[in-house]
Amino acid sequence: MATSILHTTDTFLDRKNMGRKQRRQDYLQAFKQAIAYALREDVDGVIHTGNLFWTKNPPAEVVEDCREVLARLNDTGIPFWLLYGNRDRDLAILREFQVEGLLRRLEAEWQIVGDVAVCGIDSETSVGDLKQVDPAPPQRARIVCSCEKVGVSHLIDVIGTDVDAVLLGDQNGPVDQMEFSSRIVSPGSPERVLGKWMTKPKESEWDRPRRVNIYTITEDSISTEPKHLETRDYEGLALETNESTTMADIQHRLDQVDLAGKAALLILRGKKGSKTPSRKNIQKELDKRCEIARVYDRREDTPEPVEDADNSSGRTDGVEGKGLSSDQQPEDSTSEGKSDTEMNSTAAGKSDGLHQPLERQTIPSASIEFTSDELSKLDTSEEESPDSTHIAAKFESLQTRVEAAFVNTAWFDSFMWQGNPGSPYIGPHDSEQSKYVWLGLAHEKYQTLGKPSGGLQIEFGIDTGSARGFFDRSVICGLYFGPWADDPEVSKIADRIRANCSDLAAFLENHPEYVLATKDDAWESPAPDTIADQTDALTGGFTLTVDCTLDDICTQDEITEQEGVIEQFSYQRAG
């Protein structure tokens, strides 16, 4: 007898991707479409391989919409199985759904869905935990569901029998491959995570059409039928400006792209002068044209302001409306002669003059300089008020450079500057009281805990003697794990440190300019065993940072961008 199962994953129902409430509806609508397919095809069950919601406290209206969708399934006798992902743990509403009969938890024990035996490896278990599971029922197809990729050979060794298929969660796009006669499949998330990848979509799994899978399973075979979902359209745009660019120029370029109802991400490049439209004003213009918009400013400040402020186009040569580039072609030039600075936008299936792929941005080589005079304004006597204004402005410039350095790096989109208190942070908020400034980049998962600063971060900071301090260090440039991080999620940091102690030791050995420090100790080139033995101390707060002081900064007059350490020991690697 054939069994049909609909598979979805990572629905993130209450996610405000790009910071917009409208995105919650996008995620919810994708989930509703998935369940509509299950009802229409009258499947034997729905399997969700992790992360039904995004936050630990989803809004009541999102919860009620989800309850209504699951109730429709329940009314028709179709069970909804959820394999708990890392975002599903300790979520009270899921326990309520179970009590109401709307949801069944898939765990490390065999369950029967239709005529198929199914078991799960959730975010709290591992393949090894399946050793304790009773043997799979005989004469049935066997499916294992996992929140992340697993080694099929190891899986078969542990459970002592072949596996017909492995259904995966935590996938950006669809997966369909064979390994040891087992089918490895996933539909990917039903709604995209929109971000900087939109400027080069063909290089990202998020660009692929959204879908759910319906599997038809017999004792001899498993077939997959993708069911495609209608999701929000998007545009990735790049606009190059110079000192002469006006808002009219920008509006003219935006007029060439249909943005109605879409999400749009616009990257500004080139130069800006005193008369060039600000990122904020360009954001307002883009907001008028599309449903969801975000503007990233990658432009360099121009040292010399534009002298001729009388010309409406901002140019000094009397030519109107040509402010996007100093070498731009006349308006009546042919498409073959379009300038390099024409707006480029990329979206699936588009290859005309407006949709050429973007080249990777060249990162400016100029350093961020801090002078002794600026630093001295932070470190004042009790009778004087500190002034962090200039330092804070330079940290904002550093933020722009870091974003530019990693604009095309996939893992970078999982980190955030925003939140409470946000970046760059001047503490206290009043610049006339601040003795320290830091720029913090936290992984987005910590936002769900209500305190982005409560986990592992990428930090750039200067402290001239506040009570807060950075483990008694005056400069941080690297990874930072706060001593106040006490939630269950970050408790896993200890295990990650032990697992990667050899890599961490090798990094410190090969990079003598770095130090691993807690409040009480610092290690320049520790052995792996030393790091493993100090795990408890490290999980009480540590920093992996450039080993320099304020005096060193004044001597060198710069803090350089440390792309290598951030990429090697990002969240995925260390915690």
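The values are calculated or read from the model by the stated rules, or taken from the named source; none is laboratory data. All values reported here derive from a predicted model rather than from experimental measurement. Positions of Cβ are generated from backbone atoms using ideal geometry, with glycine treated the same way; all protein chains shown enter the neighbour counts. SASA here: full protein model, heavy atoms, side chains in, ligands and nucleic acids out. Shrake-Rupley method; radii C 1.70, N 1.55, O 1.52, S 1.80 Å.
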Report summary line: Rounded to whole Å², per residue accessible area for region 212-305 with a 1.4 Å probe reads 44
Report task. List, in order, the whole-Hz ³J(HN,Hα) value for each residue of region 23-37 obtained from phi through the Karplus relation with A = 6.51, B = -1.76, C = 1.60 and θ = phi - 60°; use x for Gly and Pro. Result -> 5, 4, 5, 4, 5, 5, 5, 4, 5, 4, 5, 4, 5, 4, 4
Report task. Pop a pseudo-label 7 angstrom from the Cα along the beta-carbon direction at both N74 and A2 and give the gap in nm to one decimal. Result -> 3.0
**Report entry** In sequence order, calculated HN-Hα J values of region 241-252 (Karplus, 6.51, -1.76, 1.60; Hz; x Gly/Pro)
**Finding:** 10, 9, 4, 9, 5, 10, 5, 4, 4, 5, 4, 4
Query raised in the report: Carbon and sulfur together cover what percent of the accessible area of region 27-68 at a 1.4 Å probe radius?
Result: 43
Query raised in the report: Which percent, nearest 5, of DSSP beta bridges in region 10-165 are antiparallel?
Result: 20
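Roughly how many percent of the accessible protein surface of region 81-189 is carbon and sulfur, given a 1.4 Å probe and a whole-percent answer?
Details: 1910 of 4690 Å².
Carbon and sulfur atoms account for 41 percent of the accessible area of region 81-189.
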Query raised in the report: Averaged per residue, what accessible area in Å² does region 59-179 show with a 1.4 Å probe, protein chains only?
Result: 45
Requested in this report: Please list D90, D170 in order of solvent-accessible area, largest first, computed with a 1.4 Å probe with all protein chains present.
Outcome: D90, D170
Requested in this report: Using a 1.4 angstrom probe on the protein heavy atoms only, line up D297, D75 by accessible area, largest first.
Outcome: D75, D297
Query raised in the report: Could you give the alpha-carbon Rg of region 1-147 over 2.2 N^0.38 Å, rounded to two decimals?
Result: 1.05
Query raised in the report: Which FRET efficiency value, to the nearest 0.05, do you get for A527 and S181 by plugging their Cβ-Cβ distance into 1/(1 + (r/R0)^6) with R0 = 51 Å?
Result: 0.75
**Report entry** Spin-label model distance (nm) - V133 vs A506, 7 Å beyond Cα toward Cβ
**Finding:** 3.3
Query - Estimated distance in nm for a label pair at D90 and T218, the labels positioned 7 Å out from Cα along Cα-to-Cβ - result: 4.8
